[in-house]
Amino acid sequence: MKLKARVIGIGNDYQSDDAAGRIVARRLKTWAPPGTEIFEETGEGTALLEAWRGAEDVFLIDAVQSGAPPGTLHRIDVQVQPLPASLFRHSTHAFGIAEAVELARVLHQLPSRLIIYGIEGERFDAGVGLSPSVEKAVAEVEARLRQEIGTRSSHA
Amino acid sequence: MKKKTIRVDHLARVEGEGALTVTIKDGQVVDAQLRIFEPPRFFEAFLRGRSFTEAADITSRICGICPVAYQMSAVHAMEDACGVQVAGPLRALRRLIYCGEWIESHVLHIYMLHAPDFLGYAGAIEMAKDHADIVQRGLQIKKAGNAIISLMGGRSIHPINVRLGGFFKMPTKRELASLTDRLLWARDAAVETVRWAATLPFPDYEREYEFVALRHPDEYPFNEGRLVSNRGLDLSVREYDEYFEEEQVPHSNALHSKIRGRGGYFVGPMARYNLNFDRLSPLAQETARAAGLGPTCRNPFKSLLIRGVEVVYAFDEALRLIAAYEAPEHPAVPVLPRPAVGYAATEAPRGTLYHRYRIDEQGTILDAKIVPPTSQNQKVMEEDLRRVVEKEIDLPQEKLTWRCEQTIRNYDPCISCSTHFLRLEIRNEMG
Amino acid sequence: MHEASLISGLIRQIESIVHPPPVRKVVGVTVRIGPLCATNPDHLRDHFLLAAQGTIVEGAELKVETMDDPADPNAASVILRSIEVAE
């Protein structure tokens with residue numbers, strides 16, 4: 001039997017598009033197939049090390065700010081490539097997601113598969129609600145995750 | 001006209017996001033500025049029209065690292081407005097959850113952010129390559145703090161169990177006791193942390209500050225006390241606005257706090273420690289002395305050590321509270337709204353966090369004021385930066401930049417509630 | 001926004017490098033961008049054109065080299081390769 005999959009949505013609900021990752025996680029909660037856990041996190045790095053502990057397949061979703069057009073999706077397989085720290089320039093923490101991934105690599109605490117979906121945000125100032133382009137991207141990530149996790153379950 | 005090509009091969013700098021700018025002209029520091037991003041302003045507006053019961057939950061979202069501090073300042077301010085005082089075991093449980101937050105926040109700062117600076121590593125990742133065991137120890141201690149928050153708060157991030165008058169659900173004595181072994185281990189590890197941290201190379205830098213913190217008749221301060229300073233300030237939290245003011249500065253969208261007629265002041269672990277050394281537990285005092293700290297410390301770089309001492313205290317205090325706990329009959333006392341203004345200051349990991357709310361007879365919030373610790377420290381941070389650069393102006397730019405970042409880290413500026421990015425720019429203007 | 005701050009930082013960097021006379025004019029600037037830096041040559045050139053006005057690099061040509069290897073340590077960066085100046 002396949003080991004657990006875990007979806008971790010990251011962000012802050014009160015910093016506009018920064019909420020994107022958590023909104024994806026919340027929407028998946030009503031759908032998740034058995035064996036899938038859905039977490040929400042603020043993005044503080046050491047808490048992430050705990051959040052993915054014990055899971056085999058981890059999907060992390062966060063809003064990013066790399067300069068690409070808002071709504072752009074980035075998909076990174078952490079085992080295959082290093083996490084470009086510049087992608088998470090907007091991280092609200094000095095020890096954030098990129099640091100957590102690289103620290104976990106050094107300490108041998110990476111899950112065997114860690115996929116990161118980065119959603120390019122437009123606004124990160126204090127506020128509630130997503131920009132239209134980010135709203136669209138959220139729906140797209142949700143659909144892609146349903147497929148990725150669904151396919152994974154059917155092979156179980 | 002002669003053409004020539006200069007080879008550079010340097011990473012392009014990204015401008016406009018620097019949180020700190022130091023301008024040097026002819027070998028003199030002409031300016032030191034922090035640029036600050038401040039969500040509390042947004043929250044003040046957002047809270048207007050909301051119910052007084054919602055403030056704790058809403059403001060706790062301001063900061064992912066210190067949600068408990070925001071909850072505590074909010075509930076105490078609302079209870080002040082409504083004339084309610086929470087006592088006994090409920091009060092003790094509030095201290096307990098605050099212990100958890102100090103532990104998590106301080107340990108994160110010591111191990112992941114500040115110590116690597118002192119050891120010459122770019123960050124915790126590089127440090128972990130050489131000292132995996134030390135980084136692991138930090139992660140384990142932090143986890144013990146998290147265990148307190150998860151149990152008390154109902155979950156590990158954004159605790160939801162705190163409410164006006166107390167909690168939604170109380171832990172049983174047995175649940176709390178189940179933490180004991182883990183906290184005992186972590187307390188030893190925290191003592192070890194201070195011993196280790198005392199060996200770090202601290203720059204020789206001291207200056208006179210006005211330290212401000214809460215002071216309580218018999219406890220090291222979390223939720224209650226008078227606001228005191230080493231220069232004679234001694235006032236009730238209700239008098240805060242009479243003695244402190246916030247001014248707009250052109251280079252930042254944040255407000256800088258100062259003491260009326262006096263100027264900048266210092267809040268945070270070093271201020272608490274200097275004003276309350278006699279209220280620390282014997283073990284915490286002993287740990288401080290063994291690390292070479294006296295009852296007063298004016299070297300902000302040593303705030304790392306003081307954070308370590310506060311972690312020891314927080315474990316000690318948590319163990320004491322757990323041992324003495326008897327579950328109260330009700331998880332909360334009733335809090336009924338009345339038209340009034342409520343005030344509270346509590347000691348967030350980074351320093352005093354002030355909340356003030358005006359509510360009407362239905363409990364609707366008419367206005368809110370939130371002053372986070374980092375905006376109170378702005379002025380002393382800028383002054384420290386200026387002095388550090390003046391003193392070390394002969395260092396190569398790269399080392400100087402690093403020293404400046406370390407200087408700002410002394411204050412553990414809260415990245416999400418006050419400063420945007422810890423990225424420094426030194427401008428060397430031609431004379 | 002990202003490009004704008006990148007370019008203004010770049011121009012400042014160039015100014016600090018070529019500032020002392022006898023340099024009279026910067027005629028060309030070469031940068032190299034990594035595959036993960038999330039910008040593209042046209043975008044960069046537009047921003048450069050805009051930001052160059054009134055600075056020492058006004059009228060200079062921006063050459064953008066691209067790099068394909070995502071495993072390169074500078075894959076997410078922009079590198080200022082060289083500056084062509086007239087004296």
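Worth a mention:
- Boolean, residue B:287 is of a type outside the set (Gly, Ala, Ser) and open to solvent by less than 60 Å² (accessible area, probe 1.4 Å): yes
- The residue list A:57, A:17, A:13 contains one member that is more than 12 Å from the chain's Cα centre (by Cα), within 14 Å of chain C (Cβ to nearest Cβ) and open to solvent by less than 40 Å² (accessible area, probe 1.4 Å), which is A:17.
- Scanning segment B:276-295 for residues being free of Cβ contacts under 8 Å to residues at least 40 places away in the same chain and farther than 18 Å from residue B:216 by Cβ gives a total of 4.
- Helices (runs of 4 or more DSSP H) enclosed by segment B:66-139 - at least 2 residues per element that are open to solvent by 20 Å² or more (accessible area, probe 1.4 Å): B:67-82, B:88-107, B:124-130
- The one condition in (1) at pLDDT below 95; (2) β-branched (Val, Ile, Thr); (3) closer than 22 Å to residue B:147 by Cβ that residue B:103 fails to fulfil: (1)
- Lone qualifier among A:25, A:47, A:68 - being among the aliphatic types (A, V, I, L, M), without any contact (Cβ under 8 Å) to a residue 60 or more places away in the chain, open to solvent by less than 30 Å² (accessible area, probe 1.4 Å) and within 19 Å of residue A:104 (Cα to Cα): A:47
- Test: residue A:8 is within 14 Å of chain C (Cβ to nearest Cβ), at pLDDT 85 or above, out of contact with any Lys or Arg (no Cβ under 9 Å at 6 or more places or on another chain) and not in a loop (DSSP other than H, G, I, E, B): no
- Residue in segment B:35-53 that is modelled with the highest pLDDT, counting only those that are within 13 Å of another protein chain (Cβ to nearest Cβ) and under 20 Å from residue B:164 (Cβ atoms): B:50
- Residue match in segment B:38-57 (condition: basic (Lys, Arg), touching a residue at least 24 places away in the same chain (Cβ under 8 Å) and closer than 19 Å to residue B:311 by Cβ): no
- Taken over segment B:353-391, residues that are in a loop (DSSP other than H, G, I, E, B) and open to solvent by less than 40 Å² (accessible area, probe 1.4 Å) amount to 3.
- Residue B:193 over 18 Å from residue B:309 (Cβ atoms) and among the hydroxyl-bearing types (Ser, Thr, Tyr): no
- Residue within segment B:199-222 that is among the basic types (Lys, Arg), more than 30 Å from residue B:391 (Cα to Cα) and buried (at least 18 other Cβ atoms within 10 Å of the Cβ) present: yes
- So residue B:335, is it closer than 29 Å to residue B:212 by Cβ and open to solvent by less than 20 Å² (accessible area, probe 1.4 Å): no
- In segment A:33-44, the residues that are more than 14 Å from every other protein chain (Cβ to nearest Cβ) and open to solvent by 30 Å² or more (accessible area, probe 1.4 Å): A:34, A:35
- Residues located in segment C:31-43, provided they are closer than 17 Å to residue C:84 by Cβ and either at pLDDT below 80 or open to solvent by 20 Å² or more (accessible area, probe 1.4 Å) (or both): C:32
- Hey, residue B:150 within 14 Å of chain A (Cβ to nearest Cβ) and either open to solvent by 80 Å² or more (accessible area, probe 1.4 Å) or out of contact with any helix residue (DSSP H, G or I) (no Cβ under 7 Å at 6 or more places or on another chain) (or both) or not: yes
The values are calculated or read from the model by the stated rules, or taken from the named source; none is laboratory data. This one's a predicted model, so the numbers in the text were calculated from it and none came from an experiment. In this analysis, Cβ positions are derived from the backbone assuming ideal geometry, glycine residues included, and neighbour counts consider all displayed protein chains. In case anyone asks, the SASA skips ligands and DNA or RNA and just uses the protein heavy atoms, side chains included. Shrake-Rupley method; radii C 1.70, N 1.55, O 1.52, S 1.80 Å.
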